[in-house]
Amino acid sequence: MIEIKKLNKKFGDLHVLKDIDLTVEKGEVVVVIGPSGSGKSTLLRCLNRLEEPSSGDIIFEGISIMDDEHHDINKLRQKMGMVFQQFNLFNHMNVMENITLAPIKLKNMNTEEAEKVAKDLLDKVGLMEKEKSYPAQLSGGQKQRIAIARALAMSPDVMLFDEPTSALDPEMVGDVLKVMKDLASEGMTMVIVTHEMSFAKEVADRVIIMDEGKLIEQGPPEQIFNNPQHPRAQDFLERVINLF
Ligand SMILES: Nc1ncnc2c1ncn2[C@@H]1O[C@H](COP(=O)(O)OP(=O)(O)OP(=O)(O)O)[C@@H](O)[C@H]1O
Ligand SMILES: [Mg+2]
């Protein structure tokens, strides 16, 4: 579904992504881990061109995302749902409006249809009763589940998550991870940056480790967590596993 080829990203003199090669298959759950500043968010943001790659290529469903002639960037973004650490809900809109805005505006869905889709999604994330609430009236975990429902309302082909639980109180984390687990088991293609190692072990088909802008190791979770090969991967895992 996604093929990243020799991707490089520089911010001025700062070389943040270095020759990243990575393929994501349809239905695969790929978890990205690595130290702070190693380039995880930048990698995710390059996928839908929230950041402009400096060189290399990203093929999404057979077409280069850099090829503006064959890829309308807005259409492309509609196919990639993105969920951020800080929710990014529209605070002046209630939950129902947050979820239906994009389908109505961008997919020409009528209100009735969009609200039906939204209700099904609210059911899925366990928040049926919150459709009239405003973001300020929700807990962090609830906001994040609404943000996931909002992304799903566009029926994306892939979901990108950037540390979706790291701004949450510990007791909220489980509900959000449960929604993500359900999505994974339904066959959604997902790329997830997270520090939740037990979630990664349980849900990931493949874990990749980034360090200083490079993809230093990748493999199934059992291999990555029990038998990492790269010294910097061993070092990183020792630190996070002691931490959690
Ligand atoms: N817009 C930007 N302009 C300049 N430098 C940036 C920009 N965005 C990120 N960087 C730098 O790129 C490097 C990688 O940042 P990135 O946010 O991708 O790291 P990360 O692995 O997601 O870290 P964290 O775990 O802390 O979220 C960092 O050195 C960061 O300071
Ligand atoms: Mg980040």
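The values are calculated or read from the model by the stated rules, or taken from the named source; none is laboratory data. Values in this document were obtained by computation on a predicted structure and should not be read as measured data. Reconstructed Cβ throughout: ideal geometry from the backbone, glycine too, with neighbour counts over all protein chains shown. Just so you know, the surface numbers come from the protein's heavy atoms only, side chains and all, with ligands and any DNA or RNA stripped out. Shrake-Rupley method; radii C 1.70, N 1.55, O 1.52, S 1.80 Å.
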Completion exercise
The lone condition Cys46 fails out of (1) within 16 Å of ligand 2 (Cβ to nearest atom); (2) over 24 Å from Ala233 (Cα atoms); (3) touching a residue at least 24 places away in the same chain (Cβ under 8 Å) is (2)
Practice task
Being under 18 Å from Ser36 (Cα atoms) and open to solvent by 10 Å² or more (accessible area, probe 1.4 Å) is the filter; apply it to segment 169-198 and report the residue that is nearest to ligand 1 (Cβ to nearest atom).
Solution key: His195
Practice task
Name the single residue, out of those in segment 211-244 being in a strand (DSSP E or B) and not polar (S, T, N, Q), that is farthest from Arg45 (Cα to Cα).
Solution key: Gly219
Practice task
Determine if segment 123-139 includes at least one residue that is open to solvent by less than 40 Å² (accessible area, probe 1.4 Å) and among the basic types (Lys, Arg).
Solution key: no
Problem - Subset of segment 51-63 that is surrounded by fewer than 19 Cβ atoms within 10 Å (Cβ to Cβ), within 18 Å of Glu25 (Cβ to Cβ) and not charged (D, E, K, R) - its residue that is nearest to ligand 1 (Cβ to nearest atom) - result: Ile59
Exercise for the section: With respect to Glu97, determine if the residue is over 13 Å from the mean Cα position of the chain (by Cα), surrounded by 14 or more Cβ atoms within 10 Å (Cβ to Cβ) and within 14 Å of ligand 1 (Cβ to nearest atom). Expected result: no
Handout entry: Qualifying residue in segment 143-165 (condition: within 30 Å of Arg239 (Cβ to Cβ), within 16 Å of ligand 2 (Cβ to nearest atom) and of a type in the set (D, E, K, R))
Key = yes
Practice task
Might you check whether a residue that is under 19 Å from Ala184 (Cβ atoms) and part of a helix (DSSP H, G or I) occurs anywhere in segment 97-106?
Solution key: no
Problem - Test: residue in segment 30-50 that is hydroxyl-bearing (Ser, Thr, Tyr), outside any loop (DSSP other than H, G, I, E, B) and surrounded by fewer than 14 Cβ atoms within 10 Å (Cβ to Cβ) - result: no
Problem - Sole residue being within 16 Å of ligand 2 (Cβ to nearest atom), open to solvent by 10 Å² or more (accessible area, probe 1.4 Å) and modelled with pLDDT of 95 or more, chosen from Lys26, Lys9 - result: Lys9
Practice task
Might you let me know whether segment 159-166 holds any residue that is open to solvent by less than 30 Å² (accessible area, probe 1.4 Å) and more than 26 Å from Met1 (Cβ to Cβ)?
Solution key: no
Practice task
Looking only at segment 139-152, decide whether some residue is of a type in the set (Val, Ile, Thr), modelled with pLDDT under 95 and more than 12 Å from the chain's Cα centre (by Cα).
Solution key: no
